[in-house]
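The next block holds one structure in the form of structure tokens; read it before the comments.
Just so it is clear, none of the values below were taken in a lab; they were calculated from the coordinates. Computed from a predicted structure; not experimentally measured. Counting neighbours? That spans all protein chains shown, and the Cβs are built from the backbone with ideal geometry, glycine included.
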Amino acid sequence: MWLRVDDTVEVITGNDAGVRAKVLSVDREQNRVVVEGVNRVLKHVRKSQRNPQGGRLSKELSVAWSNVMLVCESCNAASRTGAKYQDDGSKVRYCKKCGAQIGRTIAPARSAHAKTKK
Ligand SMILES: [Zn+2]
């Protein structure tokens, strides 16, 4: 999965189809992403000590990453994305429509399997 937090994506299926918004979190194990304002649900919560009012809480649920597409800033379209390695071993994502690089360049793999923990 090539999505990262802060990417802008367009939702391609479901109730929010066509919406463009920012990726808030990425779950690489489940291949799901949380997109700002997308798949928002109202969760009904009981009164509790933490939430003495109870009531409804608005919350985004994750969507499968296959339901969103990365938006290319250069051609301003939801585009298919490729990844390629450059001569120095660094890796870039690019737009398959216009060929522009999307996002930052990833340095040559040293700790490719190191996991970022939150
Ligand atoms: Zn493009």
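Structure above, values below:
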{"read-out": "Förster radius 22 Å - calculated FRET efficiency between A107 and K84, Cβ distance, rounded to 0.05", "value": "0.90"}
{"read-out": "Largest-first principal axis extents of the Cα set of the stretch 4-82 (Å)", "value": "49, 25, 19"}
{"read-out": "Burial order of peptide ranges 82-88, 23-29 (average beta-carbon count within 10 Å, highest first)", "value": "23-29, 82-88"}
{"read-out": "Pair N15, R46: separation of 7 Å Cα→Cβ label points (nm)", "value": "2.5 nm"}
{"read-out": "14 Å beta-carbon shell around D6, net charge (K/R +1, D/E -1)", "value": "+2"}
{"read-out": "Relative contact order computed over the stretch 13-79 (Cα-Cα under 8 Å; 6+ residues apart), in percent", "value": "26 percent"}
{"read-out": "Too-long pairs where the Cα-Cα distance tops 31 Å, listed order kept, from K22/K91; K59/K97; K22/K43; K22/K96; K22/K97", "value": "K59/K97"}
{"read-out": "Radius 12 Å from Cβ of K22, net charge of other residues (Lys, Arg +1; Asp, Glu -1)", "value": "-3"}
{"read-out": "q = 0.23, 0.29, 0.30 Å⁻¹, the stretch 1-46: log10 I(q)/I(0) [Debye, one scatterer per Cα]", "value": "-0.83, -1.11, -1.14"}
{"read-out": "Neighbourhood net charge (13 Å Cβ-Cβ; Lys/Arg +1, Asp/Glu -1) for K96", "value": "+4"}
{"read-out": "Calculated FRET efficiency for the pair K59/K22, C-beta based, R₀ 25 Å, to 0.05", "value": "0.95"}
